Each structure stands twice: as structure tokens, then as C-alpha cells.
Amino acid sequence: MTALLVTLIAPAVGAVVLALLRSLALAGWVNLAVSTVSLGAAGALAWSVALHGEVVGLGLRVDDFNVYLVVLTAFVALTTAIFSRPYMRHVCERGMTSEGGMRVYHAMYQAFMFTMLLALTTDNLGVLWVAVEGATLATVLLVSLYRTPEAVEAAWKYFILCGVGIALALFGTVLTYFAAQHAMADPANGLTWSMLYRQAGSLHPVVMSIAFVFLLVGYGTKVGLVPMHQWLPDAHSEGPTPMSAVLSGLLLNVALYALVRLKMLVDGSLAGTQSPHLAGHLLMGFGLVSFLVAALFLHRQRDIKRMFSYSSIEHMGLMTFGFGIGGPLATFGALLHMLVHSLTKSAIFVTVGHATHIAGTQSIDHIRGLIRTQPVVGWSLLIAVAAIAGFPPFGVFTSEFLLLSATMQAQPWLTLALVTGLAVAFAGLFRHLQPMVYGGVPEGQKPVSANMVPIAVHLGLVLWLGLAIPGYLAHWLDRATQLITGSHLL
Amino acid sequence: MIAPLPLLQQLVLVLAAIVLLTSFVLLAQARLISAIHVFAWQGALVAAVTAVVAAAGGAPHLYFSAVLTLGLKALLIPWMLHRLARRLELDRHVETLRLPTLVVMAAVALVIFSYWLVLPMVQEGLAFTRNIVAVSLAVVLIGLLMMVFRQQAVAQVLGFMSMENGLFLAAVSATAGMPLVVELGVAFDVLVAMVLFGVFFFQIRESIESLDVDRLNRLKETAEERE
């Protein structure tokens with residue numbers, strides 16, 4: 001319990017301290033220290049969950065499913081903080097943002113972490129909603145940090161779209177509560193997920209399916225599902241790069257996590273009716289459309305960060321599809337994909353941050369010859385993109401392979417759509433990547449000081465997961481699979 | 001003799017209907033300042049519904065929600081919007097709606113849609129709540145419609161806030177209020193959102209020298225930009 005509280009409270013306290021702290025040089029280090037404390041506590045929490053089972057108390061509840069996302073969130077928060085300290089100082093020195101802006105940045109970084117960790121650990125669907133909305137509020141000022149007209153526009157779009165989406169999710173939450181009022185002995189607990197789950201069978205199926213549609217549209221906006229994805233490429237391309245890394249790597253996961261939890265309730269409620277897989281089918285539909293549309297849009301991008309944000313939509317679509325299929329194999333694959341996608345995508349955004357500093361622009365047409373100007377950045381980008389495209393030695397290959405096998409088992413014809421989508425996305429990424437890495441070097445392009453530790457660690461982990469998933473991790477994911485689907489894979 | 005509970009339920013229904021009416025007024029109101037006043041009235045009505053439900057159902061914690069709503073939705077947020085409108089020199093701003101007939105017809109269609117959507121919930125004992133759920137869903141959807149058709153940033157925020165009113169109405173009348181933690185959390189989020197909206201009004205005006213959000217159109221699929 002202590003570990004859980006420290007994990008949560010460290011970023012909350014950090015946000016307040018960083019909002020008050022005037023020294024810029026110190027703020028970067030404090031940000032780092034807070035993230036380290038949070039990760040340490042998250043590690044201890046994972047240990048205690050592995051030994052003694054779930055941790056419950058104070059309206060929070062941590063089981064095998066969310067503890068893995070808690071550790072992942074805290075881990076990416078730390079590595080991104082390592083990257084962001086020198087990166088944001090560089091940004092500030094170039095005059096792209098003011099000192100006040102830097103204070104907002106650091107405070108909101110930790111506030112964002114707090115809301116995400118709260119969303120992951122809470123047992124109350126209402127608090128989950130409040131936390132996810134809080135995550136929007138914390139990041140919206142960061143998207144407009146550079147104050148260019150484009151950045152302000154992106155932030156406004158993000159604010160309005162996610163605000164509307166999340167409002168629909170609240171309506172779905174109210175309907176769920178409404179269903180609980182008529183089903184549960186103690187209606188005051190009608191928003192407590194674990195209670196709802198235990199009595200899911202008695203929730204009114206019609207109310208629950210209407211509620212799920214609203215929840216899907218609402219949280220789906222945050223996941224970046226097509227057609228509610230419009231905010232995502234804008235927010236990713238105009239915000240500061242560390243923000244893109246945590247948005248892509250973490251926020252989308254949290255929203256998807258919420259959807260999976262809600263699907264578990266709806267499945268319980270609809271079991272025994274005429275359409276027991278309604279929630280799964282909806283997820284599969286939205287997931288597949290997002291996956292295919294994003295793969296096509298990859299080809300048309302001119303901005304490097306926009307391109308990779310479409311790649312995020314593509315992968316989130318794939319995971320949503322996987323959770324939609326259900327069954328232990330697909331769920332295990334989707335959980336693993338969540339993990340490797342977060343690690344790879346945040347490594348990509350960190351590399352892209354260095355690449356854009358080298359080239360001085362985000363336009364794909366003007367980023368050239370990275371491998372000659374600064375080999376370490378060029379190679380990192382090449383390897384990271386190879387990993388995200390699903391090349392064999394990396395973990396993304398493993399999870400995509402699992403998802404493909406699961407599709408083959410459940411819906412053989414859809415395998416064709418998936419394979420086509422993967423090939424299209426692969427072509428889209430590499431046609432842009434090739435000239436950026438190998439093209440002729442523009443005159444006067446100089447290397448920048450780059451901290452490659454976070455990238456090396458992330459890509460190393462993804463490689464490790466691709467070569468051999470350690471036994472305890474496989475069992476960990478397996479226990480999460482069992483929580484979600486009710487049966488083991490391994 | 002009519003039992004006291006149905007009478008109060010009838011009062012709840014009447015008040016909810018007036019909330020829906022204010023939604024229509026809000027949708028078609030061209031003068032910004034008047035729209036803010038209508039929004040304040042809507043907030044007050046939602047607070048009144050909450051108070052009546054509290055009296056009818058004997059749920060004392062709802063009195064607290066009523067006071068919270070009255071303070072936040074009927075007083076604080078309208079006051080903030082009013083002050084912002086004056087500071088942004090929008091006191092006399094008038095924005096005519098494109099295709100007003102069509103928009104109002106669309107709103108009517110949304111109300112019908114809401115009733116249709118909750119139709120399957122008809123069971124014995126749920127008839128009263130069904131009305132309220134339909135009305136509040138209609139308020140939410142009309143708020144959404146307003147955000148789509150209004151081009152002015154402040155009017156869009158009014159649409160957003162009236163969606164929140166609809167959600168609150170749904171929570172109060174269909175389920176006798178959300179747990180207190182959640183209610184406080186939502187209120188906090190709404191307040192923070194309002195403050196951020198204020199910040200954004202200035203950022204938007206600084207960048208496009210107007211609050212006409214339709215002019216925010218620099219970001220497109222960038223392939224077209226260079227051709």
C-alpha cells in the first residue's frame with residue numbers, strides 16, 4: 001500500500017514543487033528525481049503484487065493487469081525525463097519558449113504523470129473519468145507551449161475534440177451507474193469496478209450496450225481511433241517532442257486500458273443474450289478501420305512527427321482489434337504489443353527530437369543524411385523504425401505474430417486485411433525513412449549533443465523481448481490475460 | 001389524492017423540460033452576452049432540479065450538489081465568461097447562425113433521436129427516469145451541435161459547458177447523483193477547463209487576431225500544402 005501511495009503522491013507533490021521552483025537548471029533535475037522515486041515505488045508495488053496478489057485500499061485497486069501499465073508508465077516517464085532535461089534547455093535557449101513556459105512544462109509533466117497513474121490505479125469508474133479528463137487538461141497547455149499559430153490551433157483542436165469525446169464517456173459512465181442502481185444490493189458502490197465486475201451478470205444488458213457505445217466513442221477519442229483521431233497528429237506534431245513521446249507511449253495506453261476494463265463489464269452483462277460479443281465486435285471494427293486508414297495516411301505525410309503519430313494510430317488500432325477478438329492468445333498479444341509499442345514509440349520520438357535539432361526542421365523533405373552527420377542518431381532512427389515496422393528480431397514482431405495467429409484462428413479472412421495493412425505501413429515508413437537517413441547531407445549540418453541512453457535502453461529492451469521473453473514477464477502477462485479473459489495462455 | 005412523490009417528480013420533469021428549452025435558446029441566440037445569461041439560467045435550473053430531486057428522494061447529499069452547481073454553473077462560470085467577453089471586447093458581438101432553420105431542425109431531430117435511443121429502456125418502473133435520461137441526452141447532443149455550428153470560440157465554450165449541464169442532469173435525475181468524490185472531481189475538472197479556455201481565448205486572439213475559430217485552418221494533411 002505504501003508503495004502504491006508513493007507512486008501516486010510523488011508526481012503530485014513534484015507538480016506543486018516544480019510549479020513554485022524558479023531555478024530552471026534545478027527544475028530539470030527535480031523532474032528527474034521525482035520520476036525516479038515514482039519508478040522505484042512502482043517497482044516495489046509490482047513486487048508486492050507478484051508476491052501477495054492485488055493491493056486494495058482507499059478506492060485504489062492494483063492487480064496484475066494494471067500494475068504492468070503502472071510500471072511501464074513510470075519507466076517511460078523516467079527515461080523521457082532524462083531526455084527532456086537537456087532537450088528542453090536547448091529549446092529554451094533557442095527562444096522557442098519563455099522561462100515561465102518552462103515552469104509550466106515541468107509542473108504539467110508531473111501533473112500529467114499523476115493523472116495517468118491515478119487513472120490506472122483507481123477502482124472507481126468516475127474517478128477514472130476525472131483522471132483521464134485531467135490528463136487532457138494537463139497536456140493541453142503543453143501542446144501550445146511554443147505559441148506559434150499552428151501550436152495554438154493544434155491545442156484548441158485537442159482541447160475541444162477530447163473535451164467533447166470525454167463528455168460522451170461521462171454519459172456512458174452515468175448510464176453504467178444507472179444500470180448498477182437497479183442491479184446491486186448496495187447502489188452506493190455502483191461505480192466501483194470490482195463490485196460491478198462481480199455482479200456484471202445482473203446489469204441490464206440493453207442499458208450496458210448503449211453505455212458502451214458512448215464509452216467507446218469517448219475513450220476511443222483518446223485512444224485515437226478513426227474517425228475521432230483528428231486531434232492526434234496535430235497535437236503530436238506541434239507540441240514539444242518529450243510530450244509527443246509520453247502522449248504516444250502512455251496516454252493512448254491509458255485510454256485503451258479504460259476501454260478494456262469496460263469491455264469486461266459489458267461482456268459480463270451481455271453473456272447469455274443474443275449478442276454476447278457486441279463489445280468485442282465494436283472494438284474489432286473500430287480497431288481495424290483505424291489500423292488500415294492510418295497505414296494509408298502514413299504515405300501522405302510531410303512532417304516527421306505527424307508521420308510517427310499516424311504510426312501510433314495504426315498500432316493502437318491493432319491493439320484495439322486484438323482486445324476485440326478476445327480469447328487468451330489475442331489478449332496476450334495485445335498486452336505484449338502495448339508494452340513493446342510504448343517502448344519503441346517513445347524511443348522513436350526521442351530520436352526524432354535529436355534529428356529535428358540536427359536538421360532545424362520537422363519537414364521530412366529537409367531532413368537528410370542523418371547517418372553521415374551524426375551516425376548514432378541515424379542508426380537509432382533506422383533501428384527504431386525497423387523495430388516499429390515489425391522486423392523479426394524485435395518484440396513488435398513477436399506481438400504482431402501472436403495477433404496474426406489469433407486472427408487466423410478467430411476470423412481467418414481478416415488476416416488478409418491485417419497483412420496488407422502491415423505491408424502498406426511498412427512501405428510508408430521506409431519510403432520516407434530512406435532519404436532521411438541516407439540522403440545527401442545539406443551544407444552546414446552539424447551534429448548536436450545527444451543523450452542516447454534512453455533510446456539504447458528502450459531499444460535494448462524491445463530487442464530482448466523479441467529474442468526471449470523472460471519467464472517471469474511472460475507469466476506476469478499471462479496472469480493479466482487470465483484476469484481479462486478468464487483463461488490461461490501458457 | 002395525489003401522493004407527494006409523483007408531484008415532485010412532475011416538477012422535476014417540468015424543470016428538465018425548461019432546461020431543454022434553454023438549450024434551444026442557447027443554440028439560436030446570436031448575441032454573445034445574452035447567450036451567457038441564458039447559460040447562467042440553465043445552470044440555475046439544473047441546480048433547481050437537483051434540489052427538487054434531493055427533496056423528493058430524501059437524499060441529503062444532493063443539497064450539497066445543488067449548491068455546488070448553483071455556485072459553479074450559474075454564478076462563477078458565467079461571471080468568468082462575462083469578464084472575459086468584456087476584456088476581449090466582445091460585449092456587442094453578434095454572430096448570426098448559418099442556416100438557422102436547418103440547425104434548429106437538426107436539434108429537434110436530436111431530441112427525437114434521444115427518445116428513440118432510450119426507448120429500449122422501457123420497463124416497468126423506469127418510465128419516469130427514461131424521460132429524464134432522454135432530455136439530458138438531448139441537452140448533451142444539442143451542446144455538441146452548438147459546438148459544431150458556432151464559429152466563435154466563446155460560443156463553442158458555451159456549447160461545451162451546456163453539454164456538462166446535460167451530463168449533470170443525467171447523473172442527478174437518473175441515478176440520484178454520482179458519489180461525492182466523483183462529483184467534486186468533475187466540478188474541479190470543469191473549473192480548470194474554464195480557466196484554460198480563458199487562457200486560450202487570449203492565445204487564439206494573439207495568433208489570428210480574432211476569435212473566429214474557423215480561421216484556425218493552418219493544419220491540414222500537409223501533402224496538399226506544397227502542391
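Numerical summary
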read-out	value
Greater than 30 Å apart at Cα, pairs in A:157/A:446; A:263/A:305; A:157/B:73; A:157/A:345; A:222/A:305; A:222/B:73	A:157/A:446; A:263/A:305
Cα-based radius of gyration of chain A once divided by 2.2 N^0.38 Å, which approximates compact folds	0.92
Mean Cβ count within 10 Å, highest first, over the residues of peptides B:9-20, A:256-267	A:256-267, B:9-20
Summed residue charge, Cβ within 12 Å of residue A:141's Cβ, Lys/Arg positive, Asp/Glu negative	+2
Positive-end residue of A:29, B:190, B:114, charge dipole of the protein assembly as shown with Cβ unit charges	A:29
The range A:1-123: proportion of alpha-carbon pairs further apart than 27 angstrom, %	21
Calculated FRET value between residue B:184 and residue A:56, using beta carbons and R₀ = 25 Å, to 0.05	0.65
In Hz, Karplus ³J(HN,Hα) per residue of the range B:83-98 (6.51, -1.76, 1.60; θ = phi - 60°; x = Gly, Pro)	5, 4, 4, 5, 5, 8, 6, 10, 3, 9, 5, 10, 10, 7, 6, 5
For the range A:271-329, the spread of Cα positions along each principal axis, largest first, Å	50, 19, 12
Debye, to nearest 20: dipole size of the range A:1-123, +1 on Lys, Arg Cβ, -1 on Asp, Glu Cβ	500
q = 0.09, 0.14 Å⁻¹, chain B: log10 I(q)/I(0) [Debye, one scatterer per Cα]	-0.40, -0.89
Net dipole in debye of chain B [+1 Lys, Arg Cβ; -1 Asp, Glu Cβ; about Cα centre; nearest 20]	420
Given charges at Cβ of Lys, Arg, Asp, Glu: the protein assembly as shown dipole, positive-most of A:41, B:146, A:19	A:19
Average other protein chain Cβ within 10 Å of Cβ, residues B:200-210	4
Number of partner chain Cβ atoms within 10 Å, mean per residue of A:296-308	2
Exercise: per-residue mean of other protein chain Cβ atoms within 10 Å, B:183-190	5
³J(HN,Hα), Karplus 6.51/-1.76/1.60, whole Hz, each residue of the range B:177-190, x for Gly, Pro	x, 6, x, 4, 4, 5, 4, 5, x, 5, 4, 4, 4, 4
Burial ordering of A:54, A:400, A:93, fewest other beta-carbon atoms within 10 Å first	A:93, A:54, A:400
Ranked by how many other beta carbons lie within 10 Å on average, peptides A:351-361, A:108-118 from highest	A:108-118, A:351-361
Chain A, relative contact order in percent, only Cα pairs under 8 angstrom and at least six apart counted	13
Over the protein assembly as shown: helical MRE at 222 nm, DSSP H runs n ≥ 4 each giving -39500 (n - 2.57), nearest 500	-26000 deg cm²/dmol
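No value in this document is a laboratory result; all are computed from the given coordinates. For clarity, every value in this text was computed on a predicted model and none was experimentally measured. Positions of Cβ are backbone-derived with ideal geometry, glycine not excepted, and every protein chain shown enters the neighbour counts.
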